[in-house]
Structures are given as structure tokens and as C-alpha cells.
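The values are calculated or read from the model by the stated rules, or taken from the named source; none is laboratory data. Model, not experiment: these values are computed from the prediction. Here the Cβ is made from the backbone with ideal geometry for all residues, glycine too, and neighbour counts use every protein chain on show. For accessibility, only protein heavy atoms count, side chains too; no ligands or nucleic acids. Shrake-Rupley method; radii C 1.70, N 1.55, O 1.52, S 1.80 Å.
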Amino acid sequence: MKNRTSFKNLAVASMLLALTAIILQACVNEAKSEESKALALMQNKCYSCHHPTSPENSRLAPPLFAVKKHYTKKYASKEAFVTAIKSFLNQPTEDKALMKGAIEKFGLMAAMNFPDEEIDLIATYMYEQDLPKPEWFDEHHKQKHGKGKKHGKGKHKKQAEGQSESPLAKGKEMALKTKAALGKNLMQAINEKGSAGAVEFCSLKALPITDSLAKMQNANIKRVSDQNRNPLNQANEAELAYIQEAKAKISQGKKNKPQIKQVDGKWVGYYPIMTNTMCLQCHGKPGEEINQATLAKLQEEYPNDQATGYDVNELRGIWVVEFEE
Ligand code: HEC
Ligand code: HEC
């Protein structure tokens, strides 16, 4: 009798052990699959703006590596970190934001209705895993935070202080400033009105914003293209020649460089404008990336639109910056 009980106990115990092992293994598997699910979510939902390897001057948002750095500094525990990210994503406001320099540069992040459980997964992943660090990050960080410079302005300030800035760099600075202003306003318009609504914003505001930035900087600035949307943005002969050359270089996998030359005593600089994911909702393939409402709006405003069919990392056009010596 006693023996049988202990045998039974043993059997129960070993069954329990086996069960525990199965459950533990399942937990490990679950944790692994949660991790890869979180990574996939992050890549699909966040990287279009927060991509870790986009170059610094064509980004739509800071890399998540930098976001994590700010958040772990203020919110040390996992729980506080996840809660803070969740609160920001549920309703981004300037008050909650920790990255004021990023708001200045890119505009406040759009509210995008991510489901809570997805944000949980992504935020937990961000906290627990090493995120990829962009190559330019350390350099940027040194410039931004080094020598007591004001946050967010370091790089521009450094260049502005340097006396012998080259005309090429000076023109680039003007183009980037204009691009930042346009990008920020465009992001806001998309946030508020969706891509179809933002088309109207672009058609009303793109040229005036560009012009006012040009005036502020005492220069002429325009965006032109070989496949222009607005007839006013058609590239002239010299500009077309540069665009063709740049496209050829890109197709050979070479780097396309900006160019500056003197024309009638003025500097004229050309700076490439490349596409990223965000652009495709208005410049991608009709019916695929461009939805029907947006397409209808585009056709209404621009009956001769040539600026569709683009993919990412293609030359959409160039900045042309003209200024006195
Ligand atoms: C359409 C572009 C876009 C997408 C998509 C996007 N973000 Fe952002 N995000 C931004 C911009 C722009 C900023 C910088 C301005 C700011 O801080 O609000 C930002 C900032 C942030 C910040 C820091 C806010 C602060 O200042 O404290 C967090 C956290 C963040 N994003 C998380 C995410 C996560 C997680 C995802 C994916 C689920 C995501 N974002 C998707 C544009 C985007
Ligand atoms: C919400 C829709 C929308 C998005 C998103 C958008 N664009 Fe455009 N884009 C337009 C419209 C509309 C025009 C015409 C503006 C005008 O009338 O001056 C335009 C014009 C341009 C031009 C000037 C040359 C031309 O074709 O007339 C360039 C260059 C350009 N876009 C590049 C970009 C890039 C690069 C992105 C992504 C970073 C982008 N656009 C995102 C709608 C958009």
C-alpha cells in the first residue's frame, strides 16, 4: 500500500516535472516569438520615419536608438519606460515630449492610433534589446552636446561660426533649412488631414514656404524636377543635365554629389532630393502607395502630373539655390 502510494507520488512528480519543462520551453519559445514579433512591428510601423540607417540629412524622425537614450535617462525602470512611451504614442503632445530639438527639426510626431498591445510589445523590445545605432550618431552627439552648445542647434551653429564656409556648404545649409520647414509643415498637414488633404496644402503652400525661406536667407531657392508635378517646377536645360548625370551615377551605385558653379557673378548650387517611404503616398504608384482619394486630388490639381511611379531612394528632383558671392 505504502509502496504503491510512493510510486504514485513519483509518477505524479515526474509528470509534473515534465509538464513544467514543457511549460518552460513554451515560455522560452513564446518570449522568442514575442521578440521577433515586436521587431517586425517596429520595422513596419516605426522605421518609415525612425529608420536607423537613413542619413542624417534626409530623416523624418530621430533614430529609435536616440529616443531610447532620452527615455531611459528619465524613466529608468522598464515599467516607467513602457508607460511613458505608451502615453506619448497614444497622444503625442509637446508637453510630454522629451526631445524638444527633434520637434523643432521634424515637427511633433503624428498621432497614429497604434493598438495598445502593439505599443507594449514595441516599447518592451526597445527597453530590453540593443537598438541599431546609426553610423553618424556619435559624431552628431558630440557636436550637439559638446562644448556646452545649445541643444539641437550645435551642428548649424558650428558651421555658421566657421568663417570660411564653402559656397557649396552654404547653399546646402539653405536647402536643408528650407527642406526642414517644408517637411515639418507637410508632416503636420498629413497628421491633420491625411495624404489627400495634404495635397492641397502642398499645392497652396510649397512654393510660398520655399520663397519665404529664400527671402529670409537672401537667396533664390527652388525645387525642380525632370518629372515635375507643378509646371512651375520644370527643370531647365542646365538643371536637366545635372539631373541626368546624377541619375546615371545612382544607377551605377555611385554617390551623386551636389554641385556648385558661378553664373553671372552668382553662385548656383544643385542638391539632390531623394525619395523615402513617406513620399510614396503622393509620388509612388497610383492605386498602390497612392490611394484613390489622393490620386483624385492630384489629378484635379495637376492634370499634367508626371511625379508618380517613384520608389524609395530615387532622385525625385533637386534643390537649386542661387545666392550672391
Ligand atoms: C510618420 C512618421 C513617424 C512614425 C511612423 C513614427 N514616428 Fe515616432 N516620431 C516622429 C517624429 C517626427 C518624432 C520627433 C518629434 C517628437 O518628439 O514628437 C518622433 C518621436 C518619437 C518619440 C519621442 C517623443 C519625445 O519627444 O519624447 C517616440 C517615443 C516615438 N517617436 C516612438 C515611435 C514608435 C514606437 C513608432 C512606431 C510604433 C513611431 N514613433 C512611429 C515621427 C514618427
Ligand atoms: C501629401 C502629398 C505629398 C507628399 C507626402 C510629398 N509630396 Fe512632393 N509634392 C506634392 C505636391 C502636391 C507637389 C506640387 C507642389 C507645388 O505645386 O508646388 C509636390 C512637389 C514636389 C517637388 C517639386 C517638383 C515637382 O514635382 O513639382 C519635389 C522635389 C517633391 N515634391 C519631393 C517630395 C519628396 C522628396 C517627398 C518625401 C520626402 C514628397 N515630395 C512628399 C505632394 C506631396
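Computed values, structure above
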item: Exposure of TRP136 as accessible area (Å², to 10), given a probe of 1.4 Å and all protein chains; result: 50 Å²
item: Qualifying aspartates and glutamates (Cα of each under 14 Å from Cα of LYS285; at least 8 residues distant if same chain); result: ASP305, ASP311, GLU314
item: Centre separation in Å (Cα based) which lies between region 229-263 and region 270-306; result: 20 Å
item: Accessible area (Å², per residue) of region 44-132, counting only protein heavy atoms and a probe of 1.4 Å; result: 53 Å²
item: Sites PHE65 and GLN299 - FRET efficiency at Förster radius 35 Å, r taken between beta-carbons, to 0.05; result: 0.30
item: Calculated FRET value between LYS37 and ASN9, using beta carbons and R₀ = 41 Å, to 0.05; result: 0.50
item: Counted charge near TRP267, where neighbours are those whose Cβ lies closer than 11 Å (Asp, Glu -1; Lys, Arg +1); result: -1
item: Solvent-accessible area per residue for region 217-325 (1.4 angstrom probe, square angstrom); result: 55 Å²
item: Residue-span extension gain [LEU232 to LEU204] - 0.36 nm each, minus C-alpha spacing; result: 8.8 nm
item: Restricting region 207-254 to trypsin sites (Lys or Arg not before Pro) in coil, as DSSP defines it, with at most 11 other Cβ within 10 Å; result: LYS254
item: Residue pairs, from the table LYS179/LYS249; LYS222/LYS249; LYS73/LYS257, whose Cα atoms sit over 27 Å apart; result: LYS73/LYS257
item: Theoretical FRET efficiency, 1/(1+(r/R0)^6), r = Cβ-Cβ of LYS86 and GLN262, R0 56 Å, to 0.05; result: 0.55
item: Simple spin-label estimate for ALA241 and LYS254 in nanometres, 7 Å along Cα-Cβ; result: 1.7 nm
item: Three-way shape call for region 175-324 based on the alpha-carbon gyration tensor, with the a/c threshold at 1.5; result: oblate
item: Residue-level accessible surface for LYS133, protein heavy atoms, 1.4 Å, Å²; result: 100 Å²
